[in-house]
Amino acid sequence: MIPFKFSIAKNQSEALGLIHQHQHAAFLAGGTNILDLMKEHVAQPTEIIDLGRLPLSTIKSTNTGISLGALAKNTETANHPLIRKDYPVLSKAILAGASAQIRNMASNGGNLMQRTRCSYFYDINMPCNKRVPGSGCAAMKGFNRMHAIFGWSDQCVAVYPSDMAIALSALNANVKVMQQNGSERSIPFTDFHVLPKDHPEKDNSLNHGELITSIELPKNNFASHSSYIKVRDRNSYAFALVSVAAGFELEGNTIKTAHIAMGGVAHKPWRALKAEAFLKDKAATFANFIKAADLEMSSAKPLSHNKFKIEMGKQTLIHAFEVALKG
Amino acid sequence: MENTNKIIGKGIDRIDGIMKITGKASYATDYPAKNMAYAVLFKSTIASGKIVQINTTDAEKSPGVIQIITHENAPKLNIKGGLRGGALLQGPEIIFHGQHIGMVVAETFEQATAAAHLVQVKYQQDKTEKIDFDELAKNPEMPKGKELADLVRGAGKSALAQAEVKIEEEYETPIEHHHPMEPHATVAVWEGENVILYNGSQIINGAQTAAAATLNLKPEQVRIVSPYIGGGFGSKGGQWANLVLTAVAAQMVKRPVKLALTRQQMFNSVGLRQRNIQKISLGATKEGVLTTLAHETISHTAVDFEYIEPCGDCSKIMYEVPNSLISYRVVPMNLILPTYTRGPGKSTGSFALECAMDELAHQLKMDPIALRIKNEPKKDPSNGKPWSSRTTVKCLEEGAKAFGWEKRKAIPGTHFSGENLIGYGVACGTYPARQRDSSANIKLTLKNGQVYATVEIAASDLGTGTNTILAQTAADGLGIPLSRITMKIGDSDLPPAAGSVGSVGASSFANAVNDACGKITDELLAKSGKQFFVRPTANDLMISEKIAAFETQSSSKAPAEAEQYSAHSFNANFAEVSINKLTGMVKVTRFLAVTGAGKILNPKTARSQIIGGNIWGIGMALTEESVVDPRYGNFATRSFADYHVPANLDVGQLDAMFINEVDLIPNKMGVKGIGEVGIVGVAAAIANAVFNATGKRIRSLPITPDKLLPS
Ligand SMILES: Cc1cc2nc3c(=O)[nH]c(=O)nc-3n(C[C@H](O)[C@H](O)[C@H](O)COP(=O)(O)OP(=O)(O)OC[C@H]3O[C@@H](n4cnc5c(N)ncnc54)[C@H](O)[C@@H]3O)c2cc1C
Ligand code: SF4
C-alpha cells in the first residue's frame, strides 16, 4: 500500500468535489475490494474519499418498483422483506456471494464496481492489460480455468465476479449515477458493465468521478418462478465457475418471457438472449430447457483451461430453469 | 489396580483455552520489545537466473526506512546450518520464483512494505529454468537418497503378468500448502552476543541448533521462545530463512526486529507438499488374494536439495502381498523445497493405494472392507517384524457398524436423494508410532500445606493440546491436582525434547514427564528413608516429610525392545458424499474416522486432532490445489480466494472413534500418536465415495465440480 490521504465526504456534492480535485482519488464504501487492491498495489490511489456518511443507504418502494441505496449493505439488501418477497432471485444471488462478514461490509454500489478476480490482475509482476494497458494478458495462454467463454477479446479474457449483478441483470435494473455538476443519469443494467474489447482497463460505463447513488429495480412478475444457481469449487465463499439467474413469467405451463443472466462466463453479466428468445412462448418442458441451454452455449468460445464451462453452463442453465419452474 | 481418579484419559478442556480465546496467549508477533523495527521481505520475480542489479535508492529515501538488506550487504551465513529452503541472501543466484532477495527494515510495518515496492531489480534470466512439471515428469531422475532406492520383494512388478485380476492406474495429487492459521513470524532481540528468537517452532531444539549454526553461533547463544503456535502442519518443523534473517536484521540495525510473512508470502517461503504422479499396479487372484503391488511415484523436489514425501510408505505395510515394488523418481524443479506436510507421504500415498484397492474390489465385485480384511498381514510385510499391535480390522469392523456401511449400494450411481447422488466410501491409513529422546524437569514446592508443581520441557504445542496432556500426565504422576500444576514449554532454555513432528510429540513428551514424575517420587521416597506399604505419591511425600522445595530432571528414550516390533497407529475412514447430479458439486455429509492409536490421553483434544486431519483431508480430496504457471514458475493460485481450504458448508457431520487399545511395546505409556494419521486415508475414502455415488473414478485431486459433469 502506498501512503494516501483520507477524507470523509459529508454529502454527495462534497464527494464529487473531492474526487474531481484529484486524478488519483478513489471512493471508499465497504472497503472489501478497494483496500485489498491497494494492499496488492493493484490500485494506488493517493486520496481516499470515504462515502460512509452519505445518506444513500435506504431501501424503499417507489412507483416503479424498489430503489436500493448505493450504500445499503449487501446483507441488509438480501434480507430486506420487500426484496425477499418480490425479488427473491436478488436475495439468493447476494447470499451466494462472499461470506457473512464481507456481505455485512459490502455496499450495493461497491459490489457493482468490484474488479475481476483474475489472479494475474492481482499479481503486479505479471503482464495484464487491465492493470497496465498494453502490457499483455498473462491469462490468455495461462491458467485461465476461471475465465471467460463469451465476449472476450484478445486483450482480456477476465470475468466479472459479482453474484448480485447477475440477478440485477436478469431483473433489468437501472443504475442511477450522479455527475460532478449534480445532474443524474440512469444507466440500464445491461449497459453498465462492458465487454473488454480494446479497453480492458474499463470495467463499466461509469466515468471517473461519477457517483452511484442507487440501483432501481423495476416491478416484475416472475418472483414466484425464479432461481439463482451458483456452481463453485467449494460450497461457500468461492467465486462462481458458472452461475445462472433465471425468472419465468408463466401462463399455465407456457413461458411468456424468460429472464436469464449468467455469471462466471464473461466480462459482464451475460444475458442469455438466445435462450430467452428460444423459450419465449414455449412450453416449460425439460426438453425445451435442454434446447435453450444448448442454443445459448453453442456460441461459447472456451480457452485452454475452461472448456468444461460449456457443459457446466448447460447443466447449470437446465438446473436453474427446473428450480425456477418449481418455484 | 486402575486408579479411578486418574485424569489421564479424561476429555478435559485445554488448560490454556481461556488464555487463547481471550487473547492472552502470546504468539511470536505478540512479544513486545522496546524500540522495535519492522522487516519486510521482498522476493524474486524470476524462477532461475541471477540478480544483475538491485537499485534501492528510491526505497532508501522512503519514509521510515532504516536499512535495506540484500546479498550485497548481508553478513556471511552458513548455508549448510540446517535451515530449509535456502534464500539466505548469500549471493545473486536465483533458484525459484519468490525466493527472498532482500528485506527492508523500517520504523513501521507499513513503511517497510511501501519501501519494499520501490526496490528495482534487474535480472539475468536462465532460460533453461525447470518449471514445467508435466514436461519434466516425462524424464524423471533417480533419487539420490538411499531411502528412496527401489524396494523389490519377491518377483516385484513382473509378477503382475500372471495375475488373474489387475488394476493399473495413475493417480495425481497437486501441490498443497500448509497455511497454518498463524503465518510464520519472528521477533529477534539481541542481548550482547546472544539472540532471543520468538518464533513458532515445532521442534524447539532443532530451531535453536539450525539458527545457531546458520548464524555461526554456539547453540547456547540462541534462545528460541515458542510457547504457543498457531498451527504448523510440518511447515514449522524445519525452520526457514525468515527465522535467521530476522536475527540478521536485528543485528544490523541494532534494534529488536519483527518479521511476519504475509499470507501471500507463505506460498513460496516455507515449503509445500509436492505434486505427485503415482502409478499403482495391483494383481490378485479371482478370490481377491493380492499377488502383486507396485507403487511407483514421480515427485518434484528442489534443484539444490532433495526432499520428497515418501508416497510408497503405506504400500510397504498395509497388505500381505508376496511380490512388490516401491519406487521413486524425482524431478528437480526451480520451486521452493517441498517439506513435511501433515501425514507426509502417507496422506498422498494412501490416496493412490486405497483408491486402487477400491477399484480392485469393484472389479472383483467384492465388498471393499472384505477385500482389505482378506489381505490383512499377520506381521509387517516390509521387515518381517511382529506388529506391536495392529487395529486395521477392528477399525474397519467397528467403523462399518457405527457408520451403517450395510446401507451402501454396491452398484455405483444407484443411490439417490432428491436431485443428489449419494455415495459411501472407505479407506485405511497408518502412521508409525515412535518415541524420541526427551527430558523433563519437575520442581515441587510446598506452600500452606499444598504442593505445587512446575513441569519444564522444551516441548512444543501446535495448538493440539500438548500443554494439557502433559499437565494431565504430571497430575497423575505426582498425585497433584491439575490446578496446582504449571506447565513451562516452548523454550530452548528448558530441558531438551523432541518435536511436535511425525506424531512423536505426545509419546516423547508424555513419557519424559511421566518418567520425571516417577523419578522425583523415587527420590522423595529415598529422602524420607521410610518404607511404605502402598507407594505414596510425590504429593503425599512432600506433605508428610514437610519438604519446602524439591526438584529433579530426567531423560527418557524409547524402550530397547520397541525396535524388535513394528509399531503403528492405524485407522479406517468412512465417508458419505452427496453430489448434485447436474452441477457436480460434492458435499461430504458424514465422515467417520476410527483410529487405533494406543492410549488416548485426552479424548477431547484427540478428537480435535482427528477431525482437524479429516477436514484437511476433505480439502485435499475436494478443494485444495496450488497451480504453478509453467511459463513463469510462480503460483497462479496465490491467495485464499484461489487456494480453497474447506469452508463450513463443505464439512458435514464428523465423528471420531478410538479403538480401546493397550499397546505398551512402543513406549511405557502406550501412546501411539494421532497428529499425522488423522489425514491418512481421508482423501481416498472421499474419492471412493464419489465413485460409489456417480460411477466416476476421479484419479486426480482435487475433485472439483468440472470433473464430475455428466458426459
Ligand atoms: C474474500 C472475498 C470473497 C468474495 N466473494 C464474493 C462472491 O462470491 N461473490 C460476489 O459477488 N462478491 C464477492 N466478493 C466481493 C464483494 O462482494 C465486494 O468486495 C463488495 O461487494 C464490494 O463492496 P464494498 O462496498 O466493500 O466496495 P469498496 O471496496 O468500498 O469499493 C469497491 C469499488 O467501488 C467503488 N465505489 C464504491 N461505492 C461507490 C459508489 N457509490 N459510486 C461509485 N463508485 C463506488 C470504489 O471506489 C471501489 O473502486 C468477495 C470479496 C472478498 C474479499
Ligand atoms: S484476463 Fe484481463 S485481467 Fe486477466 S491478465 Fe488478462 S488482461 Fe489482465
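The values are calculated or read from the model by the stated rules, or taken from the named source; none is laboratory data. Note that the structure is predicted; figures quoted are calculated from it, not measured. Because the Cβ atoms are built from the backbone with ideal geometry, glycine has one as well, and the counts that use them run over all protein chains shown. Note: areas computed on protein heavy atoms with side chains; ligands, DNA, RNA excluded. Shrake-Rupley method; radii C 1.70, N 1.55, O 1.52, S 1.80 Å.
For chain B, the per residue solvent-accessible surface stands at 37 Å², with DNA, RNA and ligands left out and a 1.4 Å probe. Across the alpha-carbon atoms of the range B:1-144, the computed radius of gyration and Dmax are 23.0, 75 angstrom. Counting only other chain Cβ atoms within 10 Å of each residue's Cβ, the peptide B:346-355 averages 0.
If R0 equals 60 Å, the separation of the Cβ atoms of B:LYS557 and A:THR285 corresponds to a calculated FRET efficiency of about 0.20.
Distance between the 7 Å Cα→Cβ label points at B:THR262 and B:THR454: 4.2 nm. State, in square angstrom and to the nearest 100, the accessible area buried between chains B and A, both chains counted, probe radius 1.4 Å. Counting protein atoms only, the buried area is about 2900 Å².
Nearest 0.05, what FRET efficiency do B:GLU191 and A:THR190 give at R0 = 51 Å with Cβ-Cβ as r? Efficiency, rounded to the nearest 0.05: 0.15. Less than 5 angstrom separates the built amide H of A:TYR237 from those of A:ALA98, all sequence-distant by 5 or more or on a different chain.
Sorting B:321-330, B:548-557 by average packing, meaning the other beta carbons within 10 Å per residue, from highest down gives B:321-330, B:548-557.
Screening chain A for whole DSSP H helices of 18 Å or more along their axis (Cα) with average Kyte-Doolittle hydropathy at least 0.0 returns A:308-326.
Our summary gives chain A a relative contact order of 17 percent, counting only alpha carbon pairs under 8 angstrom and 6 or more residues apart. Within chain B, DSSP assigns beta bridges of which about 75% are antiparallel (rounded to the nearest 5).
Take each residue of peptide A:226-236, count the partner chain Cβ atoms within 10 Å of its Cβ, and average: the result is 6. Remark on the range B:553-669: ratio of C-alpha radius of gyration to 2.2 N^0.38 Å is 1.47. Spherically averaged projected area of the convex hull of Cα atoms, the range B:243-296: 6.9 nm².
Across the range B:640-647, computed HN-Hα scalar couplings (Karplus, 6.51 cos²θ - 1.76 cosθ + 1.60, θ = phi - 60°) run 5, 6, 10, 8, 8, 7, x, 9 Hz from first to last residue, x flagging Gly and Pro. Contact order for chain B, expressed relative to its length and based on alpha carbon pairs under 8 Å spaced 6+ residues apart, stands at 16 percent. Per residue, the Cα convex hull of the range A:1-55 amounts to 60 Å³. For the range A:60-69, putting each phi into the Karplus relation 6.51 cos²θ - 1.76 cosθ + 1.60 with θ = phi - 60° gives couplings of 9, 6, 10, 4, 9, x, 9, 10, 9, x Hz, in residue order, rounded to whole numbers and with x for Gly and Pro. Span-like helix criteria (full DSSP H runs; alpha carbon extent of at least 30 Å along the helix axis; mean Kyte-Doolittle hydropathy of at least 1.0) are satisfied in chain B by no helix. If the Kirkwood radius is taken over C-alpha pairs of chain B, then at 37 °C and 0.692 mPa s the Stokes-Einstein diffusion coefficient equals 123 µm²/s. Based on the Cβ-Cβ distance from A:PHE4 to A:SER135, what FRET efficiency comes out when R0 is 22 Å, to the nearest 0.05? Efficiency for this residue pair is about 0.40.
Ordering B:13-23, A:150-160, B:271-281, B:190-200 by mean Cβ neighbour count within 10 Å, with the highest value first, yields B:271-281, A:150-160, B:190-200, B:13-23. Normalising the Debye intensity of the range B:211-349 to I(0), with uniform scatterers on Cα atoms only, and taking log10 at q = 0.12, 0.18 Å⁻¹ returns -0.65, -1.06. For B:SER566, the residues 5 or more places off, or on other chains, whose built amide H falls under 5 Å of its own are B:TRP387, B:SER388.
From the helices alone, meaning DSSP H stretches of at least four residues, give me the mean residue ellipticity at 222 nm for chain B, per-run term -39500 (n - 2.57), in deg cm²/dmol to the nearest 500. That comes out to -7000 deg cm²/dmol. Subtracting the Cα-Cα distance of B:GLN363 and B:THR57 from their residue separation scaled by 0.36 nm leaves 103.4 nm. Here's the list of lysines a cross-link from A:LYS176 could span, going by alpha-carbon distance under 21 Å and ignoring same-chain residues fewer than 8 apart: A:LYS10, A:LYS60, A:LYS73, A:LYS202, A:LYS219, A:LYS268. Counting only Cα atoms, the size of chain A along its three principal axes is 58, 49, 33 Å, in decreasing order. When the residues A:GLU216, B:GLU309, B:GLU563, B:GLU523 are ordered by accessible surface, computed with a 1.4 Å probe over the protein chains alone, the sequence from largest down reads B:GLU563, B:GLU523, A:GLU216, B:GLU309.
With distances taken between every two different alpha-carbon atoms, the range B:138-215 has a Kirkwood hydrodynamic radius of 18.7 Å.
In chain B, the portion of solvent-accessible area held by carbon and sulfur atoms comes to 52 percent [1.4 Å probe, whole percent, DNA, RNA and ligands not counted]. Between the residues B:TYR431, A:ASN181, A:ALA158, the greatest Cα displacement towards the positive end of the dipole of the protein assembly as shown, with unit charges on the Cβ of Lys, Arg, Asp and Glu, is found for A:ASN181. Under the simplified labelling scheme, the A:THR64-A:LYS256 pair shows an inter-label distance of 2.0 nm, with each label point 7 Å from Cα along Cα→Cβ. The distance separating the Cα centre of the range A:172-239 from that of the range B:346-404 comes to 55 Å.
Of the two radii for the range B:317-415, the radius of gyration is 1.03 times the Kirkwood radius, both from the alpha carbons; that is the Rg over Rh value. 3J(HN,Hα) along the range B:69-77: 10, 9, 4, 6, 10, 6, x, 6, 10 Hz, from the Karplus curve 6.51 cos²θ - 1.76 cosθ + 1.60 with θ = phi - 60°, whole Hz, x for Gly and Pro. Take the alpha-carbon centre of the range A:279-327, take the same for the range A:1-54, and report the distance between them in whole Å. If we compute the Cα centre of each part, the gap is 40 Å. Under the simplified labelling scheme, the B:SER528-B:GLU397 pair shows an inter-label distance of 4.6 nm, with each label point 7 Å from Cα along Cα→Cβ. Sorting the Cα pairs of the protein assembly as shown by distance into bins of 10 Å, from 0 upward, gives 2, 10, 18, 21, 20, 16, 9, 3, 1, 0, 0 percent per bin. The distance from the alpha carbon centre of the range B:111-125 to that of the range B:187-231 is 28 Å, rounded to a whole number.
Equivalent ellipsoid of the range A:226-326: semi-axes from √(5λ) of the C-alpha gyration tensor, largest first, are 23, 15, 11 Å. Projecting the Cα atoms of B:ASN539, A:ALA246, A:LEU112 onto the charge dipole of the protein assembly as shown (Cβ charges, centred on the Cα centre) puts A:ALA246 farthest toward the positive pole. Can you give the Rg to Rh ratio for the range B:102-260, taking only C-alpha atoms and Rh from Kirkwood? The Rg/Rh ratio comes out at 1.14. Rg and Dmax over the alpha-carbon atoms of the range B:403-544 stand at 23.1, 77 Å.
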